[in-house]
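These notes are about the structure you will find just below.
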Amino acid sequence: MFATHAVCTECGRRHALERVYRCESCGAPLDVQYQYADISPAAFDPTCGSRADGIWIHHDLLPASASYAVTLGEGRTPLLRCERIGQLLGLSCLLAKDETRQPTGSFKDRPLSVAVSRARELGVDTVTTASSGNAAASMVAYAARAGLRAVVFVPSHTPASKLLQIAASGAKIVRVTGSVSDSMALAHTSAREFGWYNVTTTFENPYSVEGDKTVAYEIAADLGWRAPRWIIVPVGAGPLLAGIWKGFCEMQRAGLVNMLPRMVAAQAAGCAPIARAFRAGAGVVLPWDSPRTIASGIQDPLAGYSQDGTYTLKIVRQSLGTAVAVSDEAILRAIRLMDEAEGLYMEPSAGAAVAALTDLLQDGSMASGDEVVVVSTGHGLKQPFATENELQDIPEISPTLQSLRALDLDTFA
């Protein structure tokens, strides 16, 4: 393992790679550091091992020993060229990083594979997380794989479809009144009180973010070792965006890519603390009052840990990117557009990235010749009731051709 220590993203304090969460001086997120001079450029290449290795193909760039790796074959997801929707939007090169193919249906399998592997290496017997659903479903799967006990805190608004997936593992689930921030606060205090290991995948666990950066390695490899012009990421607190940015920075340092991508934080208008701060030109992100959106996976008000949002905001600006807030109506339109045009069924959080793309093309922030990657973070089956209105248009007929001909068959073409 080439990981050496972690540094605070605000004050720069150095921390040992132990059971550490946030900076012990200022509470800001931590960033894991490596002996990059000793790491071969081949460590970034996702094609240098078998698919069964998952993201652990990149074990030299991850903060847990490969011998402790807990994997379900996560990673190696396709980068799909979306020509039809690109033509509809007037964009010459649109690609979707399809994280719906992950073992539990979302990108969260990357950070949880790393965090649970680190938990196993640290010798803990119980892991806990606070999650709006996807991270919890992933965590309980990897905990089961590792033979660890799992305790999950979810906000009361968590969709039933996600709860069913979590419950199937036999993990202990606790519904918490309030927002996901309230669940995170309880996970934090419970871990401290009972000795559990907190693998919450905001910036609470610095090791989990290292799994997110493997998305960048795969995108660059699929593009012939270069970065796209833009990468649009659905964002709650922003660890996925931060991880992808870090991955590209690492590859630039290794001489594998020349240019860095411009990062876009896509948020739901009903909970958009980072986009609000970006629009206002503020240097600090403030918590969001009364969050409300159909995109439960990014409904994060950042109450009690707004430093996470500030860190993400800093990265967006450093990359010369932007932050966009989109309405629930725009998200639902984007979901239907992607499914009709490309056959890609997204959950609402992922739909926010496509909705943001539409806005950025309309306001001129993006040019028609720009190469754009949207990250499809989770499968539509994670939250199928978001699109239940589509069921109202399904006709019912008797099993005869006469009944079928009575319909407007042109609508089926």
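The values are calculated or read from the model by the stated rules, or taken from the named source; none is laboratory data. This one's a predicted model, so the numbers in the text were calculated from it and none came from an experiment. Cβ coordinates were reconstructed from backbone atoms using ideal geometry, including for glycine residues, and neighbour counts include every protein chain displayed.
List of remarks:
- Residues of segment 263-278 include none that is farther than 26 Å from residue 380 by Cβ, in a loop (DSSP other than H, G, I, E, B) and in contact (Cβ under 8 Å) with a residue 24 or more places away in the chain.
- Filter result for residue 227 (closer than 20 Å to residue 383 by Cβ and among the hydrophobic types (A, V, I, L, M, F, W, C)): no
- Residue check for residue 63: under 23 Å from residue 224 (Cβ atoms) and either of a type outside the set (Phe, Trp, Tyr) or in contact with a Lys or Arg (Cβ under 6 Å, 6 or more places away or on another chain) (or both): no
- Selection of first residues in segment 216-233 that are on the phi > 0 side of the Ramachandran plot and of second residues that are at pLDDT 95 or above and in a loop (DSSP other than H, G, I, E, B), restricted to Cβ pairs under 8 Å at least 6 apart or on distinct chains, gives the following pairs, ordered by first then second residue: 225/256; 225/257.
- When residues of segment 72-127 are limited to those that are among the β-branched types (Val, Ile, Thr) and in a strand (DSSP E or B), the one surrounded by the fewest Cβ atoms within 10 Å (Cβ to Cβ): 126
- The residues of segment 144-160 that are out of contact with any helix residue (DSSP H, G or I) (no Cβ under 6 Å at 6 or more places or on another chain), assigned to a helix (DSSP H, G or I) and either buried (at least 24 other Cβ atoms within 10 Å of the Cβ) or not basic (Lys, Arg) (or both), listed by number, are 144, 160.
- Which numbered condition residue 307 misses (of (1) at positive phi; (2) in a helix (DSSP H, G or I)): (1)
- Residues of segment 87-126 satisfying the condition of being of a type in the set (A, V, I, L, M, F, W, C) and closer than 23 Å to residue 299 by Cβ: 96, 107, 112, 115
- Which numbered condition residue 164 misses (of (1) in a helix (DSSP H, G or I); (2) buried (at least 24 other Cβ atoms within 10 Å of the Cβ)): (2)
- Among residues of segment 326-342 that are touching a residue at least 12 places away in the same chain (Cβ under 8 Å), those with a beta-carbon under 9 Å from a residue that is basic (Lys, Arg) and assigned to a helix (DSSP H, G or I) at least six positions away or on a different chain give the pairs 341/84; 342/84.
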